[in-house]
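The values are calculated or read from the model by the stated rules, or taken from the named source; none is laboratory data. Since the structure is predicted, the reported quantities are computational estimates derived from the model, not experimental observations. Here the Cβ positions follow ideal geometry from the backbone for every residue, glycine too, while neighbour counts run over all protein chains shown.
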Amino acid sequence: MARYSLPDLPYDYDALEPHIDEQTMRLHHDKHHQGYVDGANAALDALESARDSGDYGTVKKLSRDLAFNASGHLLHSVFWPNMAPESETGEPGRRLASQLEDDFGGVEKFKDHFSAAAKGVEGSGWGILAWEPEGEQLLVLQAEKHQNLTAQGVTPILVLDVWEHAYYLNYQNNRGQYVDNWWNVVNWNDVSERLRKARG
Ligand SMILES: [Fe+2]
């Protein structure tokens, strides 16, 4: 059975400065993301033991642990390459721009909607732009923690971590400024490629 591992950052820890500081990136990637990887693997190990013993007394807790930690790992694994140094972020590709026009009325309206959703997450969570294959459309969603409030079956293509661990050292309680500044490091090339893959 497969286990998870921590992916490397696709850039240096200080590459997103001044918008996201080096110390935040080190702690966020090396400690927080690693914690979700370890937590997901521990849940998988414990579920394997449960199958071996036939004792499913903790299956509710372990299922919850798996959902939380695997979602945390998978979202962070999209989050890192969703960003790039400010000089390498590019522009939304033609298909992405067209889809944003169809589904949100344009790039700027999408950004306003996404920012409002991210700023409005209650407690710890994420702003998420996801491809929804049934309606063949993009959705802006919120996630609380990592796993709550999502729509099932969608593919995240742009995600913004609004847990305090993502911004508190540099922005303290000012999540709004963090969200506004984050747009400077959105890697549109990566988002465009993720949409292309998700659409198939
Ligand atoms: Fe995070």
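Filtered by the rule that a residue be part of a loop (DSSP other than H, G, I, E, B) and within 13 Å of the ligand (Cβ to nearest atom), the range 10-29 gives a lone residue, 20. Applying a threshold of 6 Å to beta carbon distances and a minimum spacing of six or more residues, or different chains, the list of pairs starting in the range 109-133 at a residue that is farther than 20 Å from residue 92 by Cα and of a type in the set (S, T, N, Q) and ending at one that is surrounded by fewer than 16 Cβ atoms within 10 Å (Cβ to Cβ) and modelled with pLDDT of 95 or more is empty.
All conditions but one from (1) at positive phi; (2) surrounded by 14 or more Cβ atoms within 10 Å (Cβ to Cβ); (3) not hydroxyl-bearing (Ser, Thr, Tyr) apply to residue 54; the one that does not is (2). If the condition is being among the basic types (Lys, Arg) and either surrounded by fewer than 17 Cβ atoms within 10 Å (Cβ to Cβ) or within 14 Å of the ligand (Cβ to nearest atom) (or both), then the range 184-197 contributes 196, 197.
Would you be able to say whether some residue in the range 94-101 is in a helix (DSSP H, G or I), more than 16 Å from the ligand (Cβ to nearest atom), within 27 Å of residue 180 (Cα to Cα) and in contact with a strand residue (DSSP E or B) (Cβ under 8 Å, 6 or more places away or on another chain)? So far as the range 94-101 goes, yes, one or more of its residues are in a helix (DSSP H, G or I), more than 16 Å from the ligand (Cβ to nearest atom), within 27 Å of residue 180 (Cα to Cα) and in contact with a strand residue (DSSP E or B) (Cβ under 8 Å, 6 or more places away or on another chain). Just wondering, is there one or more residues in the range 176-183 that are on the phi < 0 side of the Ramachandran plot, touching a Phe, Trp or Tyr at 6+ places or on another chain (Cβ under 7 Å) and either assigned to a loop (DSSP other than H, G, I, E, B) or within 16 Å of the ligand (Cβ to nearest atom) (or both)? There is at least one residue in the range 176-183 that is on the phi < 0 side of the Ramachandran plot, touching a Phe, Trp or Tyr at 6+ places or on another chain (Cβ under 7 Å) and either assigned to a loop (DSSP other than H, G, I, E, B) or within 16 Å of the ligand (Cβ to nearest atom) (or both). Of the residues making up the range 108-136, those that are surrounded by fewer than 18 Cβ atoms within 10 Å (Cβ to Cβ) and within 15 Å of the ligand (Cβ to nearest atom) are 123, 124. Contact map, the range 44-56: residues that are over 21 Å from residue 5 (Cβ atoms) paired with residues that are assigned to a helix (DSSP H, G or I), Cβ distance under 6 Å, separation 6+ or inter-chain. Pairs shown: 56/50. Any chance the range 81-93 includes a residue that's within 20 Å of residue 6 (Cα to Cα), of a type in the set (A, V, I, L, M) and either outside any loop (DSSP other than H, G, I, E, B) or touching a Gly at 6+ places or on another chain (Cβ under 6 Å) (or both)? So far as the range 81-93 goes, yes, one or more of its residues are within 20 Å of residue 6 (Cα to Cα), of a type in the set (A, V, I, L, M) and either outside any loop (DSSP other than H, G, I, E, B) or touching a Gly at 6+ places or on another chain (Cβ under 6 Å) (or both). All of (1) β-branched (Val, Ile, Thr); (2) under 21 Å from residue 93 (Cα atoms); (3) assigned to a helix (DSSP H, G or I) hold for residue 140 with one exception: (3).
Among the residues making up the range 24-51, a single one is loosely packed, with under 12 Cβ neighbours inside 10 Å and within 30 Å of residue 184 (Cβ to Cβ): 31. Within the range 60-90, the set of residues being among the β-branched types (Val, Ile, Thr) and either away from the ligand (no atom under 16 Å from the Cβ) or at pLDDT below 95 (or both) comprises 89 only. For the range 137-173, how many residues are more than 22 Å from residue 16 (Cβ to Cβ), in contact (Cβ under 8 Å) with a residue 12 or more places away in the chain and away from the ligand (no atom under 14 Å from the Cβ)? Residues that pass the stated criteria total 13.
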